[in-house]
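Here is the structure we will look at, set down as structure tokens.
The values are calculated or read from the model by the stated rules, or taken from the named source; none is laboratory data. Since this is a predicted model, take the numbers as computed values, not measurements. As a convention, Cβ positions derive from the backbone with ideal geometry for all residues, glycine included, and neighbour counts pool all protein chains shown. Note: areas computed on protein heavy atoms with side chains; ligands, DNA, RNA excluded. Shrake-Rupley method; radii C 1.70, N 1.55, O 1.52, S 1.80 Å.
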Amino acid sequence: FKAPSTDHPALYRDLLRTNRVHWIAEEPPVELIRDKMMECHFRFRHQMALVPCVLTLNQDGSVWVTLVKPARAITPGQFAVFYKGDECLGSGKILRMGPSVYTMQQGKNREKGPKKEEIDKIEPAT
């Protein structure tokens, strides 16, 4: 899939999953262990601005990262690096991503049900 522009909604995601996170302190932050979720910031490219997010800890040590605002061009294989203030907490390789903003918009449009013209276009199965 090639998006028609660099700002196409298909390039934006607000959910991703990492592999097991490598924590600099060797253990996940206390708050994350206690609450199973924690607000912090992350980036997945060296020079990019930090993005506010919520981490959800999984049993296997991986995390779901829910972004406060969708980010552009997140790609599996990149590393998500997590920060609390200026402190680097650790990182995990991005394995999977949630649906794109484009897919979510399409889903919202679909929930309204197809229009009559669209139904007429559908060929009967043979």
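What is the Cα coordinate range of segment 1-109 on the first, second and third principal axes, sorted by size from largest, in whole angstrom?
43, 29, 21
Go through segment 43-94 and name the chymotrypsin sites (Phe, Trp or Tyr not before Pro) that are in a DSSP coil and have 11 or fewer other Cβ atoms within 10 Å of their Cβ.
Qualifying residues, ordered by number: none.
Rounded to whole Hz and in sequence order, give me ³J(HN,Hα) for segment 82-90 from the Karplus expression 6.51 cos²θ - 1.76 cosθ + 1.60, θ = phi - 60°, writing x for Gly and Pro.
Ordered by residue, 3J(HN,Hα) equals 9, 9, 10, x, 8, 7, 7, 8, x Hz.
At 1.4 Å probe size, with every protein chain present, just tell me what the per residue accessible area of segment 9-103 comes to in Å².
57
Of all GluC sites (Glu not before Pro) in segment 1-75, which ones are in loop regions per DSSP and have a Cβ with at most 12 other Cβ atoms within 10 Å?
26
Per the 1.4 Å probe, what fraction of the accessible area of segment 9-103, in percent, lies on carbon and sulfur atoms?
56
Find, among the trypsin sites (Lys or Arg not before Pro) in segment 1-89, those assigned to loop by DSSP (not H, G, I, E, B) with at most 10 other beta-carbon atoms within 10 angstrom.
Here the sparse-neighbourhood loop sites are 2.
What's the extension gain from residue 86 to residue 27 if we count 0.36 nm per residue and subtract their Cα-Cα distance?
19.4 nm
From the phi angles alone, apply the Karplus equation (6.51, -1.76, 1.60; θ = phi - 60°) to segment 11-17 and give each ³J(HN,Hα) in whole Hz, x where the residue is Gly or Pro.
Each residue of segment 11-17 in turn: 8, 9, 9, 10, 9, 8, 10 Hz.
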